[in-house]
Amino acid sequence: MLTVLAGLGLGLSLIVAIGAQNVFVLRQGIRREHVLAVVIICAASDAALIAAGVAGLGFVLSAAPWLVVVARWAGALFLLTYGVLAARRAWRGGEELRVDGTEAEDPSAPLPHSATSTLVRPRLAPVILTTLALTWLNPHVYLDTVLMLGSIAATHGDDRWLFAGGAIAASILWFTALGFGARYLGRWLRTPLSWRILDAVIAVVMITIAVSLVLPVLRG
């Protein structure tokens with residue numbers, strides 16, 4: 001039990017931070033767009049990476065550091081593009097969340113059929129692709145799940161899979177809470193200005209992370 005709790009605590013300490021993936025999950029949760037699919041993909045991806053780290057993939061990445069460098073540049077390019085698009089939305093504006101009086105009283109209630117939004121609900125496929133890209137093109141994910149969690153799990157010997165189970169549970173709990181709990185922020189995001197501010201914050205976070213990914217490579 002202590003091993004499971006150790007994995008749960010370390011897992012939460014690694015994923016509960018402002019990052020590209022968390023920011024995207026938060027935005028989808030606020031907009032209530034394909035939240036279940038996003039949460040499942042993020043949690044399942046973390047579970048696969050943690051399992052791979054415990055199984056020994058971390059040694060492969062340690063022996064081939066160029067793979068991390070490639071992931072850094074690919075991830076930085078994607079995050080930069082996403083950040084620029086968010087900055088464009090923030091500059092142009094025009095996005096808002098408009099719902100009826102029932103939603104204003106109970107933010108946890110599902111959106112009614114009469115609810116409208118200035119933007120068309122996006123299709124599922126682009127959301128899935130974006131979620132996968134933000135997860136699998138982020139080298140920090142590999143460093144945290146495959147290398148760090150994998151190496152620490154190895155110190156638990158035969159109980160390493162219990163440790164991994166705790167870390168996987170942490171990921172499931174976090175993304176579920178983040179995705180489905182974000183709807184309670186909806187009441188403060190009903191105006192175009194609030195969404196412009198949110199998109200501006202997203203743009204800053206994404207671009208900052210993109211720069212931070214390649215700085216170690218540029219510095220040699």
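The values are calculated or read from the model by the stated rules, or taken from the named source; none is laboratory data. Since we're looking at a predicted model, the values are computed, not measured. Calculation scope for accessible area: heavy atoms of the full protein, side chains included, ligands and nucleic acids excluded. Shrake-Rupley method; radii C 1.70, N 1.55, O 1.52, S 1.80 Å.
Quick one: how many Å² of TRP73 are accessible to a 1.4 Å probe, rounded to 10?
TRP73 exposes around 120 Å² with every protein chain in place.
Could you pull out every residue, at least 5 positions away or on a different chain, whose amide H is within less than 5 Å of the one on THR191? Hs are placed 1.01 Å off N in the peptide plane, and Pro or chain starts have none.
For THR191, the qualifying residues are LEU97.
Whole-Hz ³J(HN,Hα) for each residue in segment 129-146, computed from phi via Karplus 6.51 cos²θ - 1.76 cosθ + 1.60 with θ = phi - 60°, x for glycine and proline: what do you get?
Once rounded to whole Hz, the list reads 5, 5, 4, 5, 5, 5, 8, 8, 9, 9, x, 4, 4, 5, 5, 6, 7, 6.
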